[in-house]
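Please read the structure below before turning to the comments.
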Amino acid sequence: MSEGLGRRKFLLYGSAAFGSSFLLKACASPSGDTGSQETTPGTEEGAAPETAAPEVAASGDTIKVGILHSLSGTMAISETTVVEAEKLAIQEINAAGGVLGKQIEAIVEDGASDWPTFAEKAEKLIDQDQVVVIFGCWTSASRKAVKDVFESKNHMLWYPVQYEGQECSKNIFYTGAAPNQQIEPAVDWLLENKGTEFFLVGSDYVFPRTANTIIKEQLIAKGGTTVGEDYLPLGNTEVTPIITKIQQALPNGGVIFNSLNGDSNVAFFKQMQGAGLTPDLYPVMSVSIAEEEVRQIGPEFLVGHYASWNYFQTVESPENQKWVNDFKAAYGQDRVTNDPMEAAYIMVYLWKQAVEQAGTADDLEAVRQAAIGQAFAAPEGPVTMNANHHLSKTVRIGQVRDDGLFDIVWSTDGPIAPQAWNQYVPATKGFACDWSDPTKGEKFPIEGV
Amino acid sequence: MLNLFNAIFNGISIGSVLLIAALGLAIVFGLMGVINLAHGELMMLGAYSTFVVQNVFKPLGDPLFSTYIFFALPIAFIVAAIAGLILERGVIRFLYGRPLETLLATWGVSLILRQFVRSVNWVLVIGILIFCLLFFGAYIFLKRSPDRDRIKSWFLGLLLLISTGIATTSSILIAQLGGIGLTRPWFSARNVDVTAPEWLRGGIQISTIQFPYSRIFIIILTLICLMGIYWFLNRSDWGLKIRSVTQNRTMSACLGIPTNQVDALTFALGSGLAGIAGCAITLLGSVGPNTGQNYIVDAFMVVVVGGVGNLFGTVLAALVIGTMNYLIGSGILALILSPIEALKPLTDFFTFFATTSMAKVMVFALIIAFLQVKPSGIFPQKGRTAEL
């Protein structure tokens with residue numbers, strides 16, 4: 001066969017491929033809704049990079065910030081929406097005059113759902129682009145991958161997603177829920193209303209495994225039982241063995257606690273319905289499914305199941321009304337808002353407030369100190385940055401309805417203070433975190449426990 | 001008894017998903033020897049075709065909407081087959097007999113296809129069309145001209161430059177004039193929601209166990225595909241040619257069989273089957289640019305274990321792997337063994353592997369052990385074919 005390929009022909013087709021790749025590039029760039037730096041106000045010529053001090057970057061007309069999320073790969077489904085929320089906040093701030101009189105310039109990098117890539121891109125943003133803050137990450141695995149980078153360079157990450165806790169870095173601000181603001185209230189609510197036998201399902205990485213450790217300890221403390229648990233590798237779509245296990249462990253129905261992430265949820269709920277596990281007997285409480293995911297899985301597979309979050313699009317407040325309208329105006333009327341997007345949106349504002357109070361964006365130590373205590377009237381209700389770099393947040397539980405939004409069936413009366421170190425897990429019981437006091441820091445024993 | 005039946009059903013249903021994903025590969029890799037890493041992306045194209053068909057049928061309402069899957073199947077087949085044909089004619093036919101280069105080239109194609117569905121929009125499509133029209137139009141024109149050999153080298157370079165330039169400029173212009181409708185990606189990087197029709201969503205209830213319709217549908221679909229391929233390869237004229245070319249290419253060519261066309265057809269057939277598989281998996285899982293990646297390794301595993309070039313081996317391998325995966329992963333094996341006291345260590349052993357992640361480890365370990373004993377799979381090729 002190979003005699004058909006002359007040198008000429010090879011050159012010809014090679015060059016054709018080369019040409020069309022050029023073409024792809026050229027056509028893709030004006031269209032890209034992700035990746036392109038739309039928020040750049042066009043004054044980057046003024047921002048001459050300072051070489052004297054590595055952290056001084058905002059000396060020009062703009063303040064450079066980094067956005068680091070997966071725009072491709074298995075997590076892109078979720079993380080692209082967070083990028084949109086962050087860009088919206090930056091646009092709004094820029095339209096209102098910027099921070100300290102300067103416009104914010106966002107530099108977007110793609111972590112590609114690959115954890116080492118996240119670390120690499122974080123280093124690039126800090127060293128090469130000299131950003132003053134990075135908003136980024138979704139999965140705990142990606143956060144753990146970049147944590148060392150931020151700590152060794154003493155830089156600053158704002159992280160917008162609910163996570164498993166057991167971490168309190170000086171260099172990270174967590175604006176999603178800690179376990180005691182999402183998982184623990186959800187478990188309590190389930191124990192009270194839905195049953196005491198739990199089956200735990202999760203993706204096979206750090207968040208579900210840590211979250212399930214907490215849940216198991218909490219169930220022991222509160223009189224529930226864990227009848228089984230299983231973990232799917234990320235991206236796996238064959239859930240028949242898990243469904244069999246659920247049927248064996250809970251023949252008469254029971255609670256399923258789901259911390260699957262990404263694509264696996266689609267397979268899980270589609271096949272649950274096929275196997276006849278309906279929400280009246282097998283209510284599923286999810287901690288990674290919000291409005292955006294419901295839309296992509298298809299509401300008909302999810303109606304009647306539950307989710308626990310701090311924010312739902314159906315929260316009734318003027319702030320939320322305004323935000324939902326602004327978001328729809330910017331990205332389309334058919335779009336929905338959800339908890340991580342809201343957390344991503346408010347963290348940009350919280351950072352802005354901290355910078356304004358500190359009077360500088362470059363001195364990260366001052367910004368860090370100023371960030372503690374910042375309050376903001378968020379769409380979810382009032383939030384406050386605590387000394388442990390987590391937010392006080394209201395907790396809500398919602399039930400999926402036909403239109404893909406949530407009916408809020410339960411909520412706390414007001415914001416709940418975050419606990420970075422879990423109080424059910426023996427290894428961290430009795431510890432807390434306080435960055436406002438230099439003698440306490442990351443992990444100190446609480447008096448009298 | 002019912003539990004046993006349930007276990008067999010689940011094993012077969014996992015196996016049938018593996019099988020339908022591997023069928024196309026069994027032809028492309030098994031018969032033609034092409035390591036096609038873009039196979040998963042051809043499945044993905046089939047899944048996206050299903051999504052498009054579903055959206056076309058949505059406004060029509062029931063009862064027409066509930067039949068969309070029957071239209072989606074042939075369309076997915078055709079879309080994937082055409083993509084496969086372009087892939088074969090454009091890339092793979094230059095690389096026959098060079099497996100390593102094929103591997104790299106098809107990996108590249110799979111990356112291109114994944115990025116293509118993420119960023120495809122009208123401007124991109126129009127741009128590519130203009131480029132193809134200009135470049136290949138002029139190329140055909142050149143072929144007819146009398147002194148082509150003399151001017152070919154510089155003319156092609158020039159042609160490439162001009163057509164790239166025109167296509168790029170015009171698409172940028174269109175993008176600026178056309179507004180958001182033209183530049184908006186069709187699918188974007190986000191996963192899309194394919195909803196099975198109502199009648200495929202429930203299941204047959206037999207006492208306490210429900211057998212999902214979607215699984216039954218996939219099993220039947222797999223059977224039909226299998227019979228169709230068997231008939232095509234063994235009873236039809238083209239099937240005879242395909243078999244003869246895979247057995248001895250040179251001799252077939254001498255006897256007047258158009259090997260080029262046979263190659264193209266075989267590859268298109270394998271790709272089309274990938275498209276059908278893509279349509280089937282929308283009933284079970286998510287549809288996104290990376291969908292194909294979840295199946296490609298399993299598909300290769302099935303074909304390799306079954307024995308390259310043997311359809312029956314592929315079937316057997318898919319069923320065995322599916323059943324093993326289910327028995328180990330669901331903990332049934334540990335459950336069956338648990339009453340026997342003497343086998344306590346064995347029970348503990350299987351309980352340890354009774355999670356989805358660990359079951360996969362176990363299955364792969366077993367496959368490695370199996371391939372030590374039978375390196376060319378369940379049914380190794382014999383005789384002359386083995387030399388190719």
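Can you pull out every residue in segment B:205-214 that is outside any helix (DSSP H, G or I), open to solvent by 20 Å² or more (accessible area, probe 1.4 Å) and within 9 Å of chain A (Cβ to nearest Cβ)? Within segment B:205-214, B:205, B:208, B:210 meet the criteria.
With respect to being closer than 23 Å to residue B:24 by Cα, within 14 Å of chain A (Cβ to nearest Cβ) and among the β-branched types (Val, Ile, Thr), residue B:323 fits the description.
The single residue among B:51, B:29 that is assigned to a helix (DSSP H, G or I), within 21 Å of residue B:197 (Cβ to Cβ) and aromatic (Phe, Trp, Tyr) turns out to be B:51. Condition check for residue B:177 on (1) farther than 24 Å from residue B:121 by Cβ; (2) more than 10 Å from chain A (Cβ to nearest Cβ): one failure, at (1).
Would it be correct to say that residue B:163 is more than 30 Å from residue B:4 (Cα to Cα), in contact with a helix residue (DSSP H, G or I) (Cβ under 6 Å, 6 or more places away or on another chain) and not charged (D, E, K, R)? Taking the combined requirement at face value, the residue satisfies it. The single residue among B:215, B:243 that is charged (D, E, K, R) and under 28 Å from residue A:302 (Cα atoms) turns out to be B:215. Quickly run through segment A:214-235 and pick out the residues that are of a type outside the set (D, E, K, R) and open to solvent by less than 20 Å² (accessible area, probe 1.4 Å). A:214, A:215, A:218, A:219, A:224, A:228, A:231, A:232, A:235 - these are the residues of segment A:214-235 that are of a type outside the set (D, E, K, R) and open to solvent by less than 20 Å² (accessible area, probe 1.4 Å). Take the conditions (1) of a type in the set (A, V, I, L, M, F, W, C); (2) within 14 Å of chain B (Cβ to nearest Cβ); (3) surrounded by fewer than 22 Cβ atoms within 10 Å (Cβ to Cβ); residue A:260 misses just one of them, which is (3). Restricting attention to segment B:190-204, the residues being open to solvent by 30 Å² or more (accessible area, probe 1.4 Å) and more than 7 Å from chain A (Cβ to nearest Cβ) number 3.
Checking each residue in segment B:76-97 for being crowded, with 18+ Cβ neighbours inside 10 Å and of a type in the set (A, V, I, L, M, F, W, C) picks out B:76, B:77, B:79, B:80, B:81, B:83, B:87, B:91, B:92, B:94, B:95. Of all the residues in segment A:395-418, those that are under 16 Å from residue A:189 (Cβ atoms) and part of a loop (DSSP other than H, G, I, E, B) number 3.
Residues checked against (1) touching a Cys at 6+ places or on another chain (Cβ under 6 Å); (2) at pLDDT 90 or above; (3) of a type in the set (Val, Ile, Thr); (4) exposed (fewer than 15 other Cβ atoms within 10 Å of the Cβ):
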{"residue": "B:4", "(1), (2), (3), (4)": "no, no, no, yes"}
{"residue": "B:21", "(1), (2), (3), (4)": "no, yes, no, no"}
{"residue": "B:42", "(1), (2), (3), (4)": "no, yes, no, no"}
{"residue": "B:54", "(1), (2), (3), (4)": "no, yes, no, no"}
{"residue": "B:66", "(1), (2), (3), (4)": "no, no, no, no"}
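Across segment B:228-248, a minimum of one residue is classified as modelled with pLDDT of 85 or more, within 14 Å of chain A (Cβ to nearest Cβ) and more than 20 Å from residue B:20 (Cα to Cα). Inside segment A:377-404, residues that are buried (at least 19 other Cβ atoms within 10 Å of the Cβ) and either more than 20 Å from residue A:437 (Cβ to Cβ) or β-branched (Val, Ile, Thr) (or both) make up a count of 13. Among the residues making up segment A:170-201, those that are over 25 Å from the mean Cα position of the chain (by Cα) and assigned to a helix (DSSP H, G or I) are A:191, A:192, A:193.
For residue B:8, the conditions (1) open to solvent by less than 20 Å² (accessible area, probe 1.4 Å); (2) within 30 Å of residue B:204 (Cα to Cα) all hold with the exception of (1).
Contact map, segment B:106-126: residues that are farther than 15 Å from residue B:171 by Cβ and more than 9 Å from chain A (Cβ to nearest Cβ) paired with residues that are modelled with pLDDT under 90 and open to solvent by less than 10 Å² (accessible area, probe 1.4 Å), Cβ distance under 8 Å, separation 6+ or inter-chain. Pairs shown: B:106/B:34; B:110/B:292; B:117/B:289. Hey, does segment B:171-182 have a residue that's over 26 Å from residue B:292 (Cα atoms), open to solvent by less than 40 Å² (accessible area, probe 1.4 Å) and not small (Gly, Ala, Ser)? Among the residues of segment B:171-182, not one is over 26 Å from residue B:292 (Cα atoms), open to solvent by less than 40 Å² (accessible area, probe 1.4 Å) and not small (Gly, Ala, Ser), which makes the answer no. Residues that are among the aromatic types (Phe, Trp, Tyr), surrounded by 13 or more Cβ atoms within 10 Å (Cβ to Cβ) and closer than 30 Å to residue B:265 by Cα occur in segment B:98-117; there is at least one.
To keep it simple, each residue is scored yes or no on (1) free of Cβ contacts under 8 Å to residues at least 24 places away in the same chain; (2) closer than 30 Å to residue A:377 by Cα; (3) more than 9 Å from chain B (Cβ to nearest Cβ).
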| site | (1), (2), (3) |
| --- | --- |
| A:238 | no, no, no |
| A:273 | no, no, no |
| A:288 | no, yes, yes |
| A:316 | yes, yes, yes |
| A:327 | no, yes, yes |
| A:330 | no, yes, yes |
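Does segment A:126-145 contain any residue that is under 18 Å from the mean Cα position of the chain (by Cα) and open to solvent by 40 Å² or more (accessible area, probe 1.4 Å)? Checked segment A:126-145: at least one residue is under 18 Å from the mean Cα position of the chain (by Cα) and open to solvent by 40 Å² or more (accessible area, probe 1.4 Å).
For residue B:255, the test of being more than 13 Å from chain A (Cβ to nearest Cβ), open to solvent by 50 Å² or more (accessible area, probe 1.4 Å), farther than 30 Å from residue B:131 by Cβ and modelled with pLDDT of 90 or more is passed. Would you check if there is a residue in segment A:202-213 being buried (at least 23 other Cβ atoms within 10 Å of the Cβ), touching a residue at least 24 places away in the same chain (Cβ under 8 Å) and part of a loop (DSSP other than H, G, I, E, B)? Checked against the condition, which is being buried (at least 23 other Cβ atoms within 10 Å of the Cβ), touching a residue at least 24 places away in the same chain (Cβ under 8 Å) and part of a loop (DSSP other than H, G, I, E, B), segment A:202-213 yields no hits at all. Scanning segment A:397-441 for residues that are in contact (Cβ under 8 Å) with a residue 60 or more places away in the chain and of a type in the set (Lys, Arg) returns a single hit, A:401. The residue that is farthest from the other protein chains (Cβ to nearest Cβ), among those in segment A:275-286 that are hydroxyl-bearing (Ser, Thr, Tyr) and open to solvent by 10 Å² or more (accessible area, probe 1.4 Å), is A:282. For segment B:154-165, the count of residues that are under 29 Å from the mean Cα position of the chain (by Cα), at pLDDT 80 or above and either farther than 30 Å from residue B:11 by Cβ or facing another protein chain (nearest Cβ under 8 Å) (or both) is zero. Considering each residue of segment A:322-338 in turn, none proves to be touching a strand residue (DSSP E or B) at 6+ places or on another chain (Cβ under 7 Å) and modelled with pLDDT of 90 or more.
Screening the candidates A:321, A:296 for the property of being closer than 25 Å to residue B:287 by Cβ and open to solvent by 10 Å² or more (accessible area, probe 1.4 Å) yields one hit, A:296.
The values are calculated or read from the model by the stated rules, or taken from the named source; none is laboratory data. Only a predicted model underlies this, so the values are computations on that prediction, with no experimental measurement involved. Note: ideal-geometry Cβ built from the backbone for every residue, glycine included; neighbour counts use all protein chains shown. Only protein heavy atoms, including side chains, enter the accessible area calculation; ligands, DNA and RNA are left aside. Shrake-Rupley method; radii C 1.70, N 1.55, O 1.52, S 1.80 Å.
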